[in-house]
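Everything on this sheet refers to the single structure shown next.
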Amino acid sequence: MRTMKKFPLFPAVLLILLFLVSCEKIAMKPNPGTDNLSIYNEYWKILDEKYALWDNPQAPVNKDSLHQATLAAVDNTISADSLMHVFGIILNHLKDGHSWVEDAANPHFYVEYKFYEGVPRNLDQKVVDQYYLGTDYKDVDSTMQYTLLHNGDIGYVQVRDWLGGVILDSDVDEMLKYFKDTKGIIFDVRGNGGGDPLMANLVARHFTHEKIYVGYERFKTGPGPDDFSKSDQYLNPASGVIYTKPVMVLTNIICFSATTLFIYNLRYCPNVKFIGARTGGGSGSTADGFLANGWHWQTSVSEFIDKDGRHYNNGMEPDIAVALDTLNSTRDEIIDAAILEILESK
Amino acid sequence: MASKRLIILTVLLLFSLGLIAQQATPEGKHKLLYLETGGMLSSFQDQKFSDVRYSGLGMGVRLDYSLAKKNFWDFGAEAFFNREHAATYDVGKAGTQDYRLFVTWLRPLITTPDATLSLGLTPDIFFSMRSTAQLSNNAAYLIFGYTVKVPVEYTRRINDKWVMHAGLSLQLFGWMQENMSFTYTTSQHVLEKGEFNYDDVPADISFVPLWKYLDIRTRISFALGKRWIFGYRWNMQESYQVAGYPMIKGYSALTVGYNIVNRIKEKKAH
């Protein structure tokens with residue numbers, strides 16, 4: 001240990017420490033502009049770098065021409081309405097239901113691609129409630145309801161979202177024990193626009209005894225056009241009760257997002273068939289954030305591709321297409337078709 | 001951006017050299033337990049998602065138990081809570097929480113009758129959570145892990161009542177998990193390795209070198225007698241999950257502390 005007697009740099013220490021007040025801001029970029037062109041450029045950069053479906057074969061889009069055409073429509077004199085309209089044009093070309101922009105201070109001011117617009121819903125909840133589910137049904141946290149149909153031969157389950165409550169493995173176990181003497185199950189996810197993908201995955205795992213390779217999720221991982229990674233996806237059997245008798249999954253255009261994961265996971269289960277109408281899609285995961293003017297954006301940053309190379313972001317056709325007869329307010333033809341399919345299964 | 005980082009590191013290097021050029025004396029053997037609290041200014045920018053800066057006010061608490069004999073040991077815990085807002089819009093307010101446990105070991109390098117200059121090691125464990133209102137998937141930003149830092153500490157007796165402490169701590173490396181990748185709220189490392197799945201959240205506490213994660217801490221404080229201490233702290237963290245898109249957060253805090261355990265064997269100043 002050395003010793004000395006003077007401290008000539010002591011005042012300098014104080015000065016340097018004071019200099020460090022908010023020194024982190026030196027490393028930060030300046031705030032972006034909030035004029036129309038800055039906002040447009042900020043949003044386009046987000047889509048350019050983060051959107052994972054520019055090359056989706058289900059919705060081909062010419063990125064460069066879309067950029068040129070929409071950029072030409074923006075200058076700093078147009079209104080917020082007009083700028084939002086330009087973003088709406090971009091979203092309609094992307095045809096991705098997960099992508100939207102809203103004014104976070106006024107959520108009624110938004111644009112999105114309405115994949116469901118003009119498409120029959122193929123679901124009348126009143127008919128389901130009155131003639132199938134009835135009043136004597138089991139309920140799991142206001143999210144999953146189930147009952148027996150056709151003198152106890154058929155189990156009927158409806159899940160209209162994966163968000164309202166919590167479904168645990170023990171809940172699914174209990175339900176499948178209740179269905180142990182059935183010949184098959186109808187799993188009705190029509191009208192289910194998504195929610196928690198972990199919950200959808202948890203339920204799907206109760207319909208296989210074996211680990212099944214489903215495909216992969218393709219993630220955008222960086223700003224470059226080729227910055228993607230692939231995460232293999234497997235349907236792993238649950239540790240609780242497994243149901244391997246016929247399962248008919250009912251679908252419609254509103255089946256979206258986490259419900260697409262549910263469908264994707266069950267696609268290669270030999271005991272599962274899909275009945276109803278084309279799904280809405282919305283495969284993959286999303287990111288969201290704010291533009292510098294406070295508009296809230298969300299977009300798709302991944303997509304599911306199955307082991308046969310099929311894409312799901314813009315929906316999937318069912319194995320058996322059945323439409324609801326809207327003039328018949330006492331029957332649900334899709335449920336009836338599923339009952340028949342189970343009863344005719346060997 | 002690299003040049004800005006260079007400026008910060010240069011300033012800190014000069015600061016360190018300044019300390020080393022000076023001399024010090026031991027403050028004396030002691031056992032101290034300081035409870036500190038204070039107010040802070042914080043700032044945040046995650047260039048992966050936006051260049052808009054967030055800033056805000058908050059408060060923190062810190063508990064320090066220090067033992068000084070031949071070497072200096074400091075066992076501490078700190079927690080900070082902040083509320084931040086964006087520079088360019090009124091929505092999306094963010095709440096932040098930062099927790100940290102650390103142990104500092106310091107060995108005096110140079111002493112004079114009035115001052116001590118010490119160098120050592122600080123292993124720490126930390127957890128940071130940032131929650132942004134109105135966002136959905138990207139609402140929660142989590143970082144947790146442990147790092148190894150090198151602290152330089154300079155203590156000087158100013159007069160019979162006041163003792164000054166000035167310190168700089170620079171993280172060398174760490175192991176950590178950050179949940180915000182370039183796109184999704186999952187570790188960038190997990191996505192790049194193709195290990196994302198829906199059955200569980202893959203644990204991924206990965207080695208992080210200095211150039212991917214930078215954590216700098218400075219402090220200057222003035223102890224009044226045996227009981228009170230008044231200080232200023234600055235911390236900056238800069239994380240590169242993706243090259244060219246750093247997340248930067250920092251705070252400046254003014255603190256006041258009270259020594260609960262009063263056991264100091266002092267040397268008189270000359």
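The values are calculated or read from the model by the stated rules, or taken from the named source; none is laboratory data. As the structure is a computational prediction, the values presented were derived from the model and not from experiment. With ideal geometry, Cβ positions are generated from the backbone for all residues, glycine too; neighbour counts draw on all protein chains shown.
Set side by side, the residues B:S43, B:S55, B:S66, B:S50 differ, and just one is closer than 30 Å to B:T155 by Cα, within 9 Å of chain A (Cβ to nearest Cβ) and among the polar types (S, T, N, Q), which is B:S43. Among the conditions (1) more than 18 Å from A:V159 (Cα to Cα); (2) under 22 Å from the mean Cα position of the chain (by Cα), the only one that A:G224 does not satisfy is (2). Looking for something of a type outside the set (S, T, N, Q) and more than 11 Å from every other protein chain (Cβ to nearest Cβ) - is there at least one such residue anywhere in the stretch B:182-204? Among the residues of the stretch B:182-204, at least one is of a type outside the set (S, T, N, Q) and more than 11 Å from every other protein chain (Cβ to nearest Cβ), which makes the answer yes.
Counting the residues of the stretch B:219-254 that are surrounded by fewer than 21 Cβ atoms within 10 Å (Cβ to Cβ) and of a type in the set (K, R) gives 3.
Within the option set A:A80, A:A52, being within 14 Å of chain B (Cβ to nearest Cβ), more than 26 Å from the chain's Cα centre (by Cα) and modelled with pLDDT of 95 or more holds for one residue only, A:A80.
Of the residues making up the stretch A:196-218, those that are within 11 Å of chain B (Cβ to nearest Cβ), surrounded by fewer than 23 Cβ atoms within 10 Å (Cβ to Cβ) and either part of a loop (DSSP other than H, G, I, E, B) or among the small types (G, A, S) (or both) are A:D196, A:K211.
For the stretch B:152-175, the set of residues classified as away from every other protein chain (no Cβ under 12 Å) and surrounded by fewer than 21 Cβ atoms within 10 Å (Cβ to Cβ) consists of B:N159, B:D160, B:K161, B:W162, B:L170, B:Q171, B:L172, B:F173, B:W175, listed by residue number. The residue that is surrounded by the fewest Cβ atoms within 10 Å (Cβ to Cβ), counting only those in the stretch A:271-303 that are part of a strand (DSSP E or B), in contact with an Asp or Glu (Cβ under 8 Å, 6 or more places away or on another chain) and within 14 Å of chain B (Cβ to nearest Cβ), is A:Q298.
In summary, A:S170 fulfils each of the numbered conditions (1) under 16 Å from the mean Cα position of the chain (by Cα); (2) outside any loop (DSSP other than H, G, I, E, B); (3) over 23 Å from A:A338 (Cα atoms) with the single exception of condition (1). Here B:V242 meets each of (1) farther than 30 Å from A:H206 by Cα; (2) more than 26 Å from the chain's Cα centre (by Cα) with one exception, condition (2). Cβ-Cβ distances below 7 Å connect the following pairs, each with a first residue in the stretch B:182-204 that is surrounded by 22 or more Cβ atoms within 10 Å (Cβ to Cβ), a second residue that is among the β-branched types (V, I, T) and part of a helix (DSSP H, G or I), and a separation of six or more residues or different chains: B:F196/B:V190.
Evaluate the following for A:C255: is it in contact with a helix residue (DSSP H, G or I) (Cβ under 9 Å, 6 or more places away or on another chain), more than 9 Å from chain B (Cβ to nearest Cβ), surrounded by fewer than 20 Cβ atoms within 10 Å (Cβ to Cβ) and not charged (D, E, K, R)?
no
The residues of the stretch A:180-190 that are buried (at least 22 other Cβ atoms within 10 Å of the Cβ) and not in a strand (DSSP E or B), listed by number, are A:V189, A:R190. For the stretch B:71-85, the candidate set comprises residues that are closer than 21 Å to B:S169 by Cα and not hydrophobic (A, V, I, L, M, F, W, C); within that set, the residue that is farthest from the chain's Cα centre (by Cα) is B:N71. Filtering the stretch B:33-70 to residues that are more than 20 Å from the chain's Cα centre (by Cα) and farther than 20 Å from B:E84 by Cβ leaves B:L67, B:A68, B:K69, B:K70.
Count, please, the residues in the stretch A:219-241 that happen to be assigned to a strand (DSSP E or B) and surrounded by 22 or more Cβ atoms within 10 Å (Cβ to Cβ).
Here is the first cut: in the stretch A:219-241, the residues assigned to a strand (DSSP E or B) are A:219-220, A:228-235.
If we keep only those that are surrounded by 22 or more Cβ atoms within 10 Å (Cβ to Cβ) too, we end up with A:219-220, A:233, A:235.
Number of matching residues: 4.
On the basis of being in a helix (DSSP H, G or I) and either in contact with a helix residue (DSSP H, G or I) (Cβ under 6 Å, 6 or more places away or on another chain) or modelled with pLDDT under 60 (or both), does A:L47 make the cut? The answer is no for A:L47. The set of residues from the stretch B:120-141 being within 14 Å of another protein chain (Cβ to nearest Cβ), crowded, with 19+ Cβ neighbours inside 10 Å and not in a loop (DSSP other than H, G, I, E, B) comprises B:R130, B:T132, B:Y141. Please indicate, with yes or no, whether at least one residue in the stretch A:304-312 is within 14 Å of chain B (Cβ to nearest Cβ) and of a type in the set (A, V, I, L, M, F, W, C). The answer is yes; a qualifying residue exists. A:H85 falls short of the stated requirement of being under 25 Å from A:S302 (Cα atoms) and either in a helix (DSSP H, G or I) or modelled with pLDDT of 95 or more (or both).
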